[in-house]
1. Might you report the magnitude of the Cβ-based charge dipole of the stretch 86-198 about its Cα centre, with Lys and Arg at +1 and Asp and Glu at -1, to the nearest 20 debye?
2. Please arrange LYS122, LYS32, LYS295, LYS191 by how many other C-beta atoms lie within 10 Å of their C-beta, fewest to most.
3. Based on Cβ point charges of +1 for Lys and Arg and -1 for Asp and Glu, what charge dipole magnitude is obtained for the chain about its Cα centre, in debye rounded to the nearest 20?
4. Please tell me which of these pairs span more than 32 angstrom C-alpha to C-alpha: LYS211/LYS236; LYS129/LYS191; LYS191/LYS222; LYS236/LYS295; LYS32/LYS302; LYS68/LYS137?
5. Could you please rank CYS240, CYS252, placing first whichever residue has the fewest other Cβ atoms within 10 Å of its Cβ?
6. Where does the longest stretch of the chain lie that holds no chymotrypsin sites (Phe, Trp or Tyr not before Pro) found in a DSSP loop with 12 or fewer other Cβ atoms within 10 Å?
7. What list of ³J(HN,Hα) values in whole Hz, one per residue of the stretch 35-50 in order, does the Karplus curve 6.51 cos²θ - 1.76 cosθ + 1.60 (θ = phi - 60°) give from phi, with Gly and Pro shown as x?
8. Note down the net charge around GLU156, summing +1 for each Lys or Arg and -1 for each Asp or Glu among other residues with Cβ under 13 Å from its Cβ.
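Any read-out appearing in this document is the output of simple, stated calculations on the displayed coordinates, not a laboratory observation. Predicted, not measured: the structure shown is a model, and the values here were computed from it. Note that we place each Cβ from the backbone using ideal geometry, even for glycine, and neighbour counts take in every protein chain shown.
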Amino acid sequence: MSLRSRRRVVLLGATGSIGESALRVIAAHPDKLELIGIASRSNASRLAAIASSHRVRHVAIADEAAAKLAAEEGSVPRDTILHAGERGLIELATLPEADVVLVAVVGTAGLAPALAALAAGKDLALASKEILVLAGKFVMEAARRSGARLLPVDSEHAAVAQCLSGHPRNDVARVILTASGGAFRDFPLEKLSQVTRADALRHPNWSMGPKITVDSATLANKGLELIEAQWLFGLKPGQCAAVIHSQSIVHCLVEFVDGVMLAQLSPPSMTFPIQRALLPDSATRGVDHALDLMKQFSLDFKPVDESRYPLYRLARKTMEAGGVTPAIFNASNEVAVEAFLDGRIDFLAISDVVDHTLQNVPSFEPTDLPSVLAIDAEARSIAAERCRRSAGSRITSSPSR
Ligand code: NDP
Ligand code: MG
C-alpha cells in the first residue's frame, strides 16, 4: 500500500484507555494508517505529546476553558491547528481528508461528532456504546442515509460482526455476548454494601477507563451492550443474551437456527477489535500476540445471576420496553456512576438511582432526536436529585464516614 492510500484516522478520546490502544495500532501500521486529528476533554499536555510523536495536524479540546488556556500557553505544537469546544470535535469529525473517525469519548458527549461524521460519509468506528443506547435509531438512520459504515469497536460486537459475516440474517437465532462478571463476580453478596471505589476499579481481566470498569462491576456494561447489539445487528430483544465467561477469551457466540454456534476468540486486548475497525477490509498482522494454545487454559461459561447484578436485570427490561427507556437507563447510570466515583454514593445506590429514575420518567417512542435529548436531560436531573438524597441519608445514618 503506498503512503497516499493510507487510511486517515481522527481519534476522539485520544487520551483515554481506548485512545491508548488505538495509538498502539496506528503506530504499528505506519504504512496503512495515518493519524490526522485527536481530541479529548481537557488533557492538553497529553494531546500535545501525542501530536508531536504522531505528527498530528489537528487537535481539539472539548472543554472551552482548557482550550483557551492551551492556546494562551501555546501548549500544543506550533504547526498544529487547535479546535475548541464541541464545535471543535465536529470540525475534526468532518475534516475533508478524514477516512475514519474513531469515537472513544466516555459517555454520550461524542454523539454530535459521531452523527456529523456519518453525515459527511466517514466510516465511524464506534467505541462509545452509550451513544447507541441514547440514540440508536437516529445514529443508524444517519448511517443508512449517507451509506457510511458503522464499525463496532466494542470487543463483543466486533466479534459478532465477524461471526455474522457471510451468513443470511434469517439463519441467526441468537447473539450471546460474554461478560467477565467484573470486580465482584465472586464477592460475598452481603458485603457488596461496603465495597469502595478502589475495589470496583480492580477489574480481573481488562484495563479500561473508570466509568466502564464500574459498569463491568455492576454488569450495566453488558446491559448497554445488549442494546448496542440490537441496533448494530437489527436484532429483537429475545435474540440478545449474555453469559458469564470469566476468562474473557471468547468474546461472543452466535447461535444459528440449526443449533450450531460460532465463537470468536482472542486474548483480552482491545487492539484486536480496534484494528479490525480501522482496517476493516483485510486482516493485518496483529499488535498483540494471538492465543498460545501450547499453554493450558480452560474456558467456562455460566448464566448471569441477576440477584448479584440488578442493573443487568433493569437493562434487559429496558431493552424489552424500547422507546426512550434505554436512554433513561443510560443517563441515570452515567449520573450514578459519576456520583459513586466521586465518593458521593455507595456502590449499591447506583442501581437504586437507575431504578428510581426509570420509574419516574415516562417513556415514549421518539420521532426526533431533540425529544430524546430532552428525556436524557430530565433523567439526569432526576437521577442527580436521587444521588443527593442518597448522599444525605448516608451522612445521617453513618456520621463517621
Ligand atoms: P477513559 O475514561 O479511559 O477515556 C475517556 C476519554 O474521553 C478521554 O480521552 C477523555 O478526555 C475523553 N472525554 C471525556 N469527556 C469528553 C468530552 N466531553 N469531550 C471530548 N472528550 C471527552 O474511557 P475508555 O477509553 O475506557 O472508554 C471510552 C469509551 O469506549 C466508553 O464509551 C466506553 O464504554 C467504550 N469502551 C471502552 C473499552 C475499554 O476497553 N476501555 C471497551 C469497549 C468500549 P480527557 O482525558 O481529557 O478527560
Ligand atoms: Mg465490551
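1. Here the stretch 86-198 has a charge dipole of around 260 debye.
2. Placing the least packed residue first, the sequence is LYS295, LYS191, LYS32, LYS122.
3. That gives a dipole near 400 debye.
4. LYS236/LYS295; LYS32/LYS302; LYS68/LYS137
5. Starting with the residue having the fewest Cβ neighbours, the order is CYS240, CYS252.
6. After excluding every exposed loop site, the longest remaining stretch is 1-296.
7. Residue by residue, the stretch 35-50 yields 8, 10, x, 9, 8, 8, 6, 8, 7, 5, 5, 5, 4, 4, 5, 5 Hz.
8. 0
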